[in-house]
Structure formats: structure tokens, C-alpha cells
């Protein structure tokens with residue numbers, strides 16, 4: 001199984017992708033440099049992804065800043081040990097708090113090893129993560145890509161990736177997740193690099209950064 005650890009792995013993956021699918025060559029030429037943006041695996045990384053979902057970057061930064069101020073270091077044990085209503089002072093929604101609490105309990109209790117997911121197959125790792133209520137496929141896939149270093153994950157449900165694939169391949173209507181997943185199958189075992197490529201392409205085309213906040 002391929003693991004992404006640094007920019008050299010991104011370069012190697014991109015070179016392989018351009019051989020696998022020549023249609024990606026003009027996409028890569030326009031996209032420019034691809035982001036690495038790796039974060040250490042563990043509760044803090046997953047918590048940051050959960051906090052950042054469906055809010056602006058400014059809002060996510062504000063919430064995270066309050067969590068740091070209130071907790072010092074964001075750990076599973078620390079979150080599990082918070083006062084019952086402490087989450088309200090962070091600006092979290094009830095849904096996000098409930099998800100974070102379940103993850104914290106699983107990690108602190110030993111039933112979820114977020115570091116070990118880096119060595120598991122994407123299928124098994126995704127199944128473990130999504131078995132926790134509140135963690136959907138997108139959250140799990142983004143965690144595996146940017147914290148676990150998995151090289152063969154493609155979040156086909158990501159709207160920006162759908163739009164980017166549609167623009168690159170001349171679709172008049174944004175393709176749905178199932179169609180994008182079928183396209184992405186060709187890019188194994190480097191689908192995580194392909195996702196980075198299409199996020200970078202989307203940013204150039206729309207002048208908006210849609211890369212997940214990690």
C-alpha cells in the first residue's frame with residue numbers, strides 16, 4: 001500500500017497518474033503545484049476536520065482557537081473529560097460536539113486507534129471510522145488522506161471535486177458522486193494525488209480554494 005509522506009511522494013504519484021490517464025496532462029499543466037498539507041494522525045487531526053465542516057475558514061479558526069484556549073492541547077482524554085456544557089463556550093454545534101465526544105470516548109477507551117489506520121487498507125480504515133455515528137464518508141476520507149497519508153482515497157462526494165472533474169472532462173452538468181468515483185477508479189493506486197490535482201485545478205478555474213481545512 002502506498003503512503004504519502006512528503007512532496008516527493010506527490011511528485012511520484014502525479015507522474016504515475018499522467019501515465020495512467022493522459023487526459024490529466026492538461027489538467028496538471030493548468031493546476032500547477034499540488035498541495036501536500038499533511039497533519040499528524042490522531043484525535044487532534046480528526047477533531048479539526050470535524051470542527052471545520054460546513055463552516056467558513058474564519059469560523060473554524062475561531063472555534064478551534066477557543067478549543068485551544070480552553071483545553072491547551074486538543075486530546076481525546078481532554079475532550080472526554082470536559083465539563084458537560086463546556087462545548088458551548090467553544091461555539092460548537094450540538095451535532096459536532098456529540099460526534100467529537102463519541103470519537104474521544106472511542107480513542108480514550110482504546111476501541112479506535114487513529115494512528116493504526118495509516119497501516120490499514122482504505123476499505124478497512126473507512127469502515128472503522130464511519131462506524132462511529134457522525135463520521136460520514138467525506139470526513140473519513142479526508143482524515144485518511146491528510147492525516148493517515150493514504151495514497152489511494154478519492155472523496156467522490158466532494159462537490160468541488162465533482163465540479164473540477166466535470167470542468168476538466170467537458171461535462172455540461174456537474175457529475176454526481178457515483179460517476180466521479182467511476183472516473184477515479186482509473187487513477188488507483190494514486191487517487192489521493194488525483195484528488196489534490198483536481199482541487200488545485202478547481203482553485204485555478206474558480207479562484208476559490210476548496211481544499212479541505214485540515
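The values are calculated or read from the model by the stated rules, or taken from the named source; none is laboratory data. These figures come from a predicted structure and were not determined experimentally. A quick note on method: Cβ atoms are made from the backbone with ideal geometry, for glycine too, and the neighbour counts reach across all protein chains shown.
Brief remarks follow.
- Selection over segment 84-118 of residues that are in contact (Cβ under 8 Å) with a residue 40 or more places away in the chain and assigned to a helix (DSSP H, G or I) gives a count of 8.
- Out of 45, 70, one residue alone is under 25 Å from residue 192 (Cβ atoms) and not in a loop (DSSP other than H, G, I, E, B). It is 45.
The rows are residues; the columns are (1) over 27 Å from residue 79 (Cβ atoms); (2) assigned by TED's automatic domain parsing to the domain that holds residue 185; (3) at pLDDT below 95; (4) assigned to a helix (DSSP H, G or I).
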| site | (1), (2), (3), (4) |
| --- | --- |
| 1 | yes, no, yes, no |
| 22 | yes, yes, no, no |
| 51 | no, no, no, yes |
| 54 | no, no, yes, no |
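- Among the candidates 193, 180, 186, 204, the residue that is in contact with a helix residue (DSSP H, G or I) (Cβ under 8 Å, 6 or more places away or on another chain) and free of Cβ contacts under 8 Å to residues at least 40 places away in the same chain is uniquely 180.
- Of the residues making up segment 22-59, those that are within 18 Å of residue 9 (Cα to Cα) and under 14 Å from the mean Cα position of the chain (by Cα) are 35, 36, 37, 38, 39, 40, 41.
- Test: residue 31 is surrounded by 12 or more Cβ atoms within 10 Å (Cβ to Cβ) and assigned by TED's automatic domain parsing to the domain that holds residue 186: yes
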